[in-house]
1. May I ask you to verify whether residue 734 is within 31 Å of the chain's Cα centre (by Cα), farther than 21 Å from residue 583 by Cα and in contact (Cβ under 8 Å) with a residue 24 or more places away in the chain?
2. List the number of the failed condition for residue 265; all other conditions in (1) under 24 Å from residue 218 (Cβ atoms); (2) assigned to a loop (DSSP other than H, G, I, E, B); (3) out of contact with any helix residue (DSSP H, G or I) (no Cβ under 9 Å at 6 or more places or on another chain) hold.
3. Examine the stretch 713-727 for a residue that is closer than 21 Å to residue 567 by Cα, assigned by TED's automatic domain parsing to the domain that holds residue 600 and touching a residue at least 60 places away in the same chain (Cβ under 8 Å), and state whether such a residue exists.
4. Looking for whichever is touching a His at 6+ places or on another chain (Cβ under 6 Å) and of a type in the set (Gly, Ala, Ser) here; the options are 407, 462, 396, 450. Which one fits?
5. Out of the stretch 294-318, which residues are part of a helix (DSSP H, G or I) and surrounded by 19 or more Cβ atoms within 10 Å (Cβ to Cβ)?
6. Among the helices (runs of 4 or more DSSP H) contained in the stretch 53-125, which hold 2 or more residues that are within 26 Å of residue 411 (Cβ to Cβ)?
7. Going through 218, 272, 222 one at a time, which residue ends up being buried (at least 23 other Cβ atoms within 10 Å of the Cβ) and in contact with a Leu (Cβ under 7 Å, 6 or more places away or on another chain)?
8. What's the total number of residues in the stretch 339-364 that are part of a helix (DSSP H, G or I), among the hydrophobic types (A, V, I, L, M, F, W, C) and surrounded by fewer than 22 Cβ atoms within 10 Å (Cβ to Cβ)?
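The values are calculated or read from the model by the stated rules, or taken from the named source; none is laboratory data. Small disclaimer: the values here were computed from a predicted structure and weren't measured. Note that we place each Cβ from the backbone using ideal geometry, even for glycine, and neighbour counts take in every protein chain shown.
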Amino acid sequence: MPYPLHVAFIWHQHQPLYKSRGDANYYSPSEGQYRLPWVRLHGTKDYLDLVLLLERYPKLHQTVNLVPSLIMQIEDYVAGTALDPYLTATVTPIEQLDRPLKEFIIEHFFDANRHTLIDPHPRYSELYGQRQDRGRGWCLEHWEAQDYSDLLAWHNLAWIDPLFWDDPEIAAWLEQGKGFTLSDRQRIIAKHREILSRIIPQHRKMQETGQLEVTTTPYTHPILPLLADTNAGRVAVPNMALPESRFQFAEDIPRHLNKAWQMYEERFGCAPRGLWPSEQSVSPEMLPYVAKQGFNWLCSDEAVLGWSLKYFFHRDESGNVYDPEKLYRPYRLETTAGDLAIVFRDHRLSDLIGFTYSAMEPKRAVRDLVGHLEAISRSLKPKNDQPWLVTIALDGENCWEFYPQDGKPFLEMLYQTLSDHSDIKLVTVSEFIEQHPPTETIPASQLHSGSWVDGSFTTWIGDPVKNRAWDLLTAARQTLANHPEATEENNPEAWEALYAAEGSDWFWWFGEGHSSNQDAMFDQLFREHLAALYRSLNEPVPENVRQPVEVHEAQGDHVPQGFIHPAIDGRGDEQDWDKAGRIEVGGARGTMHQSSPIQRLWYGVDHLNLYVRLDFQTGVQIGKEIPPELNLLWYYANQPMHNSPIPLVDLPNQAPLNHAFHHQLGVNLLTQTVWLQEAGEYSRWQSRATRAQVGVDRCVEIAVPWVDLQIQPDYLLQLIVVFSEGGRYRQVLPEDGVIAIAVP
């Protein structure tokens, strides 16, 4: 009898250590308090509801990873010993708000996804609209006490998961809508603590019933291969620029593993079986430590498997893997300390949940995911003399902010569909490998050193700023090594500061690749941990630890920093495009461009669409200062296919305008009509059907569905934007090249 397709969902719940250790220059009164609120807010919105929803479908088993640094911070909030600036502002009497605190509230109490957490609540949406349309200065001058009180209440209410809205107190607040008092705000915070207090007990309960497997991560989420040797960065990128000082402290690996193990046993009454290595980062050097600690299995990404097998996982036009037998199974790793099992996630299915399905109607998203699983099952069926395991592993907190109702309709529909499905079985990783041990082996020495990001470590090392941070960490770690008398028993402060600084998150935000409106705070927290280490050893804090690792200023041109899902309405919502690539065209380019009616170009992707946005100078008119025809043209680098020249007259004979292109999307900005053409034989353009969307208002926003283009994932797209009028060329963007975009 053939086996059903086994599917292991692994949800990774993690936050870095936001707990302050005092200012980098001196001990401050805020020592021991929290710089940012994300443990509390994600705790009320994301950790408990995920498993409570699952509990309603007892046939479905899943795995949840709880990082020790997250557990510690949840417990601080439950105990009432954690106080972050957002919480402090929330419980401050309105009459005591000074101007700096009001500015902080106006700036940061809309730190939430507009479409899902702000717009559904009329009063919250009203206040957000005032800030966006009239400006922060107007709010500061015109808002009254009740406006501030309502905003403080709504920021905290909006982060309470919809699963808890039937709670009588929460329901009353939602119905009340406005007129919140200090007492209301205090009770809302108390409700946060109540929800947080249920997280760990609920996970333990469901693990004891067998529906859940709870796994752990090295103590403060460090990249273990880089702790062993920062030269590991050159395994995937041989010419990587490395830090000036080589970090080689493999002895820190068992410390992180042992502390995670002890914390787990204390909270769950048993030993952990699985390990989620931070950022799914693995290397041969770390494996013996993992096996010796007692772990049975760990997980990583398909890119790491591909590098290890020297095989690239190609996908068809629907995104399904060729040679699925290589990916959908556990492997054995033989180490000097014993065998380990390892599973590798399907990167694309994980990303669809993490970044794309939030933009789709829940029924369509569930149908798409289950359709992919059924396609995988069919592709494996001819060889179905053994069970197969599809691993879907992803961040279990951040994605839900982009889903309607925090993902509740999507998850309910998905769980019901899978609960009724006879050919798909959801399992924990441990129960699968216990019943079906790995039959294929990867020699430990052959395991690739890499992470879930492209199978490399470039997200955390190699950039000049990231390398500078590693040099600071190496100097601090060497200082601790020079104090052998400072043991974990007699100087725990020094070691805790080291562990915090070794966390991966600081390096994620440094330099190129990722950015947020809290970059300066992450920089500060990293240096606070280093400074605390020096002080614990009675050593002077080096001057370079007192200074920011990088200059934090408004960004100019930059590449995309993640998937985006903008509403195509011509409004250019700042949250929708905050992870998009950006090219400055107007004043930021210098005096010769000051008068340009086009100010900047934004671009990005998700698994559904290619997105482009053009910002105009205030007051300009389409058809006058801006030509009425917009043409997106692109070709696919290194792919053999028909290409044709741009079909416009008066075209300068210069690159890239004299290149040939494969697709052209035309837009009439006055009528907002669109047309799609594809290059054919003899350099002719052929019309194609399109479901592209265009929105024209304060800016132009365009979405081009990938399905219209019928191309394969991983193609490299080279894009230009051309303005024309009456079929005559007028302007090209960017002005000095093409925009390179990878098809997901």
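1. no
2. So the condition that residue 265 fails would be (2).
3. Within the stretch 713-727, the first condition is being closer than 21 Å to residue 567 by Cα, and the residues that meet it are 721.
Retained after the next criterion (residues that are assigned by TED's automatic domain parsing to the domain that holds residue 600): 721.
This time we only want the ones that are touching a residue at least 60 places away in the same chain (Cβ under 8 Å), so: 721.
Looking through the stretch 713-727, at least one residue is closer than 21 Å to residue 567 by Cα, assigned by TED's automatic domain parsing to the domain that holds residue 600 and touching a residue at least 60 places away in the same chain (Cβ under 8 Å).
4. Selected residue: 396, the only one of 407, 462, 396, 450 that is touching a His at 6+ places or on another chain (Cβ under 6 Å) and of a type in the set (Gly, Ala, Ser).
5. Residues satisfying the conditions are 302, 303, 304, 305, 306, 307, 308.
6. Numbers: elements: 68-79, 85-90, 99-108.
Because the criterion is at least 2 residues that are within 26 Å of residue 411 (Cβ to Cβ), the helices (runs of 4 or more DSSP H) in the stretch 53-125 that meet it are 68-79.
7. Numbers: 272 fails: in contact with a Leu (Cβ under 7 Å, 6 or more places away or on another chain); 222 fails: in contact with a Leu (Cβ under 7 Å, 6 or more places away or on another chain).
The match here is 218.
8. Kept after step one, since they are part of a helix (DSSP H, G or I), are these residues of the stretch 339-364: 347-359, 362-364.
The next check asks that each one be among the hydrophobic types (A, V, I, L, M, F, W, C); those that pass are 349, 352-353, 355, 359.
With the extra rule that they be surrounded by fewer than 22 Cβ atoms within 10 Å (Cβ to Cβ), the set shrinks to 359.
Residues meeting the conditions: 1.
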